[in-house]
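Asks: One structure coming up, written as structure tokens, with questions to follow.
What follows draws every value from the coordinates through simple rules; no lab data is involved. All values derive from a computational prediction rather than experimental measurement. Cβ placement follows ideal geometry from the backbone for every residue including glycine, while neighbour counts extend to all protein chains displayed.
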Amino acid sequence: MGWWIERVVPRLTHATLDNPVVAGYRRRVCAGLTGDVLEIGFGSGLNLPHLPDAVRSVVAVEPSDLAWEMAQDAVARSAVSVTRGGREAESLAQPDDSVDAVLVTFSLCTVRDPAAVLGEARRVLRPGGRLHFLEHGLSPDEGVRRWQHRLNSMQGRLAGGCHLTRSAPELVESAGFDLTEVEHWYVPGPGMSKPWGYVSRGVAAPRPA
Ligand SMILES: C[S@@+](CC[C@H](N)C(=O)[O-])C[C@H]1O[C@@H](n2cnc3c(N)ncnc32)[C@H](O)[C@@H]1O
């Protein structure tokens, strides 16, 4: 399984998520990012082409060496300075109040401990900073949810720990953020793809203590 997760999952993920439909969603989630951005689960760098000019730097948090290697072409093409700033977002090396925005796309589904990751996101955000997220997750439709629960453990085994049953907006709110923008939709496709295709995009502000 180590070989599958290390050598195959990053390539499968890139192949699945590198397409024009998802690129349109990436543009939406990246809109409004400014300054120094920390990206959780950087993967193969698919968000880089969608960063607005107002972004100054990106710190990439990514455990997979292969994904980071695959990102190098995009990193070289990017107008923004990109550095790898750690592996597991459950415990970040960055100081408190050190970034203007945190970006996370299709990764809250996979991280070991989403509450810890979001707690760290909150900690490193400067006052006025925002969390931008784009995630697939738990559908509000009962029939789809049933399938998501049935397929969840298989998904986890095949896709490196990915869950179909997490709700990003709920996780974000439980971690002490207020949602300032949120929208949901199904990725276009056949009905049987719905367990993987319920997507939420949002922007969230740390709730004042
Ligand atoms: C489905 S991929 C998404 C990649 C990228 N964000 C994208 O939108 O194309 C999930 C990513 O989260 C990373 N990941 C898994 N556990 C993590 C953790 N604890 N902290 C940070 N990233 C993690 C994986 O290595 C993988 O690159």
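Asks: Distance between Cα centroids, segment 149-209 to segment 62-83: provide it in whole Å.
Replies: 25 Å
Asks: Next question, about the same structure. For the chain, what are Rg and Dmax over the alpha carbons, in angstrom?
Replies: Every Cα atom of the chain included, Rg and Dmax give 16.0, 45 Å.
Asks: I'd like to know how segment 67-159 sits against the 2.2 N^0.38 Å rule of thumb: what's its Cα Rg over that expected value?
Replies: On the way: Rg = 16.1 Å, N = 93, 2.2 N^0.38 = 12.3 Å.
Its radius of gyration relative to the 2.2 N^0.38 Å reference: 1.31.
Asks: Compute the Cα gyration tensor for segment 1-66, then decide on rounded, prolate or oblate, letting a ≥ b ≥ c be the square roots of its eigenvalues: rounded whenever a/c is under 1.5, prolate when a/b is larger than b/c in the other cases, and oblate in all that remain.
Replies: Values: a/c = 3.68, a/b = 1.61, b/c = 2.29.
Verdict is oblate for segment 1-66.
Asks: If you rank T180, T34, T13 by fewest surrounding Cβ atoms within 10 Å, what's the result? Don't jump to the answer; show the numbers that get you there.
Replies: Details: T180 11, T34 15, T13 23.
Least crowded to most crowded, the residues run T180, T34, T13.
Asks: Where nothing but the Cβ of Lys and Arg (+1) and of Asp and Glu (-1) is charged, how large is the charge dipole of the chain around its Cα centre, in debye to the nearest 20?
Replies: Working: 22 positive and 24 negative charges, 94 e Å.
I would put it at about 460 debye.
Asks: Taking loop as defined by DSSP and a crowding limit of 12 other beta carbons within 10 Å, which trypsin sites (Lys or Arg not before Pro) in segment 111-151 fit?
Replies: R112
Asks: Just rank M70, M154, fewest to most, by other beta-carbon atoms within 10 angstrom. Display every interim value, and only then the final one.
Replies: Numbers: M70 18, M154 10.
If I rank by nearby Cβ atoms, fewest first, I get M154, M70.
Asks: Using the 10 angstrom Cβ neighbour count as an exposure proxy, how do Y25, Y198 rank, fewest first? Don't skip to the end; give the middle numbers.
Replies: Details: Y25 18, Y198 22.
Fewest-to-most ranking of Y25, Y198: Y25, Y198.
Asks: When only C-alpha pairs under 8 Å and at least 6 residues apart count, what is the relative contact order of segment 41-90, in percent?
Replies: 49 percent
Asks: Run through the DSSP bridge list for segment 2-206 and note the antiparallel percent, rounded to the nearest 5. The partial results should precede the final answer.
Replies: On the way: 15 of 35 bridges.
If we restrict to bridges inside segment 2-206, about 45 percent are antiparallel.
Asks: Whole-Hz ³J(HN,Hα) for each residue in segment 39-46, computed from phi via Karplus 6.51 cos²θ - 1.76 cosθ + 1.60 with θ = phi - 60°, x for glycine and proline: what do you get?
Replies: Using θ = phi - 60°, the values come out as 10, 8, x, 4, x, 9, x, 5 Hz.
Asks: If you don't mind, there's one more thing I want to ask. Work out the charge dipole of segment 2-206 with +1 on the Cβ of Lys and Arg and -1 on the Cβ of Asp and Glu about the Cα centre, then indicate which of L158, L51, A23 is farthest towards its positive end.
Replies: Checked the options; the winner is L158.
Asks: With an 8 Å cut-off on Cα pairs and a minimum separation of 6 or more residues, tell me the relative contact order of the chain in percent.
Replies: 18 percent
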